[in-house]
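Here is the structure we will look at, set down as structure tokens.
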Amino acid sequence: MGVGGNWAKQVGRIFTSSLSDFNPFRGDEPYLSIDIGSSTIKLLEVSGRAGQLRVMNAAMLPTPPSAIQNNMVYETSAVADATRALAESRGIKARKVVTAVPGPAVIIKRVTLPAQSARELENTILFEAGNFIPEDLENVNLDYQITDYLDDGKRMEVLLVAAKKDIVASYTEAVRAAGMTPMVVDVDYFALENMFETNYQAPPDRAIALVNIGARYSSINILRNGRSTFTGDVPVGGRDISDGLMRDLGIGSEDAETLKSGGSLPSIPADQAAPVIDAAAAALIDEIHHALSFFWTAATDETIDHIYLSGGVARMPGLAQQLSERVGAPAEIANPFAHLTVDRAVDTPQFREQAADFAVAMGLATRRPDDK
Ligand SMILES: Nc1ncnc2c1ncn2[C@@H]1O[C@H](COP(=O)(O)OP(=O)(O)OP(=O)(O)O)[C@@H](O)[C@H]1O
Ligand SMILES: [Mg+2]
């Protein structure tokens, strides 16, 4: 007996603020999902509950340079000002926020324990977490979730999640400084999984890789039978592609952005740029392929059946195709809004083009402080 994908919605509850939030009419109250990346801040205003979410606003803006470093918010006021400006630009009134810490900032452990009651488990975790988590427990927020029962219920598989308190605080402080209230802090891996569950059906006996390629790192969540069996990240992203183009073509970062997204530069003939772009993309694909093989194929002899790509880099022309050929499985760009109602004013061609950038933010929109 497993708990299905439900655990993903619970992980991160320890990071939830302890604010009492009881309000019987709250179901329709709009919440903000804010995904603070190193390259862009993505914001969604979403009302309703999981299964009937309605997107009222979607906005994104560049993150102030060097505001995010070592997986935490270094420049609180710069991020807060940008976030506030983003909300104000859309006349957004909602103040309650669900945000995420980056996967690389989080330690995730899967442990198998003898079956025990909830209270016993809490004690076991308190006593034993130190053996699993290579950090002083004083300094971390810790959460756990039973993910499966094994051996006819004699043992259980427990997922432990720990995040350094100062990293979590750097995100919640930025949200507070923007005049908003952090209600839930999630982890991007779990948000991706909730995005997938909201919009797609996991076929039985299939392994599906969710791959979110951002500017700094790529998050991977591998689902088997609809349940997460692996989460991890690779420290490569769009910035590495830009660095390669800037180095090999002697161009600046704006020109690199133009080339990455399929544009051309008057100063560089297309036949000179193309092989350099291909090589930079191939290097990224290699890293992701390697990670997928290492994380998955090394543990089982099964193959990955399908890849859903998201994050800004997913939109790089030809990238999904290249990854598909390399891994030997179909790869498609995820549509995080396939099963959501999107207000007409939001549903612009630009929003549709950038939809995959909002994958993490959309997954965050499924979270509420009282998740069960
Ligand atoms: N059309 C496009 N083609 C290629 N790359 C793109 C395109 N649009 C955006 N990118 C790249 O995507 C990256 C930004 O994606 P995203 O917003 O997902 O990153 P982020 O969340 O800020 O980064 P991280 O989570 O790694 O800190 C940048 O490197 C940007 O150059
Ligand atoms: Mg990101």
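The values are calculated or read from the model by the stated rules, or taken from the named source; none is laboratory data. Note that the structure is predicted; figures quoted are calculated from it, not measured. Neighbour counts are summed over all protein chains in view; Cβ atoms, including those assigned to glycine, are modelled from backbone coordinates with ideal geometry.
The table below lists the values:
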quantity	calculated
Residue within the stretch 119-132 that is over 17 Å from residue 35 (Cβ atoms), free of Cβ contacts under 8 Å to residues at least 24 places away in the same chain and buried (at least 17 other Cβ atoms within 10 Å of the Cβ) present	no
Test for residue 92: is it of a type in the set (A, V, I, L, M, F, W, C), surrounded by fewer than 24 Cβ atoms within 10 Å (Cβ to Cβ) and not in a strand (DSSP E or B)	yes
Test for residue 141: is it farther than 30 Å from residue 55 by Cβ and either touching a strand residue (DSSP E or B) at 6+ places or on another chain (Cβ under 7 Å) or not basic (Lys, Arg) (or both)	no
Residue satisfying all of: in the stretch 199-241; surrounded by 23 or more Cβ atoms within 10 Å (Cβ to Cβ) and polar (S, T, N, Q); farthest from residue 318 (Cα to Cα) among these	228
When residues of the stretch 59-74 are limited to those that are within 15 Å of ligand 2 (Cβ to nearest atom) and of a type in the set (A, V, I, L, M, F, W, C), the one nearest to residue 354 (Cα to Cα)	60
Tabulated pairs, the stretch 84-110, first within 26 Å of residue 236 (Cα to Cα), second within 16 Å of ligand 2 (Cβ to nearest atom) and part of a loop (DSSP other than H, G, I, E, B), C-beta under 6 angstrom, 6+ apart or interchain	102/71; 104/71; 104/217; 105/71
Residue satisfying condition, being of a type outside the set (Phe, Trp, Tyr), touching a residue at least 40 places away in the same chain (Cβ under 8 Å), within 16 Å of ligand 2 (Cβ to nearest atom) and on the phi < 0 side of the Ramachandran plot, within set 206, 216	216
Single residue of 202, 207, 256 found to be of a type outside the set (Ser, Thr, Tyr) and in contact with a Lys or Arg (Cβ under 6 Å, 6 or more places away or on another chain)	207
Residue list for the stretch 39-64, filter: in a loop (DSSP other than H, G, I, E, B) and out of contact with any helix residue (DSSP H, G or I) (no Cβ under 9 Å at 6 or more places or on another chain)	52
Unmet requirement for residue 221, which otherwise passes all of (1) in a strand (DSSP E or B); (2) more than 16 Å from ligand 1 (Cβ to nearest atom)	(2)
Meets criteria (away from ligand 2 (no atom under 16 Å from the Cβ) and modelled with pLDDT under 95) for residue 56	no
Any chance residue 307 is of a type in the set (Val, Ile, Thr), modelled with pLDDT of 95 or more, away from ligand 2 (no atom under 16 Å from the Cβ) and closer than 12 Å to residue 211 by Cα	yes
Residue within the stretch 250-258 that is of a type in the set (Val, Ile, Thr) and more than 17 Å from residue 274 (Cα to Cα) present	no
In the stretch 254-271, the residues that are loosely packed, with under 12 Cβ neighbours inside 10 Å and assigned to a helix (DSSP H, G or I)	254, 270, 271
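Residues checked against (1) over 12 Å from residue 209 (Cβ atoms); (2) more than 12 Å from ligand 1 (Cβ to nearest atom); (3) assigned by TED's automatic domain parsing to the domain that holds residue 235:
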site: 301; (1), (2), (3): yes, yes, yes
site: 316; (1), (2), (3): yes, no, yes
site: 319; (1), (2), (3): yes, no, yes
site: 345; (1), (2), (3): yes, yes, no
